[in-house]
């Protein structure tokens, strides 16, 4: 992962280390870097922001320690830029939320949203597994009553993980399924309710209205948007439209292991204004890691 973006940052460090960083030389370096970012799925506003911040840091030259290497001195500057881009206010610690809800005798309620093909249902199973490994029980709500096979898919994940599911028939009120799952969790002392929803194109107004109803009825602790890392610039558009239509508290970025570019990992949170909570890095139930800026920075800069 991040192979292409890593090579672009290496090329940037080399260009900076061999340039006077004045006038047209600096303009050329930043123009090339901006284009590289865009080619690697970094959103335009974030690419512009990174380049302008880099200009401010380089305008006065690069301070190199005595007997040091100039290229090595550049890496802390690039790390600082990435760290600022990756950190977005409002991030939530899922386990801390779950502990707080359990202490009050209430289940943690999570609603998962996203278009078809992002790996949303598998991600729900991964989050359930993550909670189980940390001592929290869960129930899965089959509130995708729209797509044929969706209920059976979530049920199969539940069977493999030993986690119960609540379902109605296809075409039923999706919000009613979520309501029943929450009541079931309260009655049985289950710690978390994970609510699946119909994968919808962000332009489908009817399904977005259904989503609003599910969120209104379930009143989740977190409404989570699941986004495919391979979606390119459309990932930012999905985030924008969902955020405008219904509340989004955080993002899970899936298929990061298959993304050689990595731009969405850098820019999605800042472009959408919502924090990334987890990365999906494989097909297994344990292939889910909590968001860590250092994980991204290590893979890009080292």
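Residues in the range 130-164 that are part of a helix (DSSP H, G or I) and either under 18 Å from the mean Cα position of the chain (by Cα) or over 22 Å from residue 255 (Cβ atoms) (or both): 130, 131, 132, 151, 152, 155, 158, 159. For the range 288-302, the set of residues classified as in a strand (DSSP E or B) and either modelled with pLDDT under 90 or surrounded by fewer than 19 Cβ atoms within 10 Å (Cβ to Cβ) (or both) consists of 289, 290, listed by residue number.
Restricting the range 102-121 to residues that are at pLDDT 95 or above and crowded, with 17+ Cβ neighbours inside 10 Å leaves a set whose member that is farthest from the chain's Cα centre (by Cα) is 102. Within the range 1-30, the set of residues being at pLDDT 85 or above and either over 31 Å from the mean Cα position of the chain (by Cα) or farther than 18 Å from residue 77 by Cα (or both) comprises 3, 4, 27, 28.
Condition check ((1) under 23 Å from the mean Cα position of the chain (by Cα); (2) farther than 14 Å from residue 110 by Cα; (3) part of a loop (DSSP other than H, G, I, E, B); (4) in the same structural domain as residue 143 (by TED's automatic domain parsing)) across all residues:
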| position | (1), (2), (3), (4) |
| --- | --- |
| 171 | no, yes, yes, yes |
| 176 | no, yes, no, yes |
| 181 | no, no, no, yes |
| 185 | no, no, no, yes |
| 190 | no, no, yes, yes |
| 199 | yes, yes, yes, yes |
| 215 | yes, no, no, yes |
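Across the range 201-213, the qualifying residues are those that are in a helix (DSSP H, G or I) and touching a helix residue (DSSP H, G or I) at 6+ places or on another chain (Cβ under 9 Å), and the one among them that is farthest from residue 141 (Cα to Cα) is 205.
Mind checking whether some residue in the range 144-153 is surrounded by 16 or more Cβ atoms within 10 Å (Cβ to Cβ) and at pLDDT 95 or above? The answer is no; no qualifying residue exists. Look at residue 243 and say whether it is surrounded by 24 or more Cβ atoms within 10 Å (Cβ to Cβ) and more than 21 Å from residue 108 (Cβ to Cβ). The answer is no for residue 243.
The values are calculated or read from the model by the stated rules, or taken from the named source; none is laboratory data. All values reported here derive from a predicted model rather than from experimental measurement. All Cβ positions, even for glycine, are placed from backbone atoms using ideal geometry, and neighbour counts span all protein chains on display.
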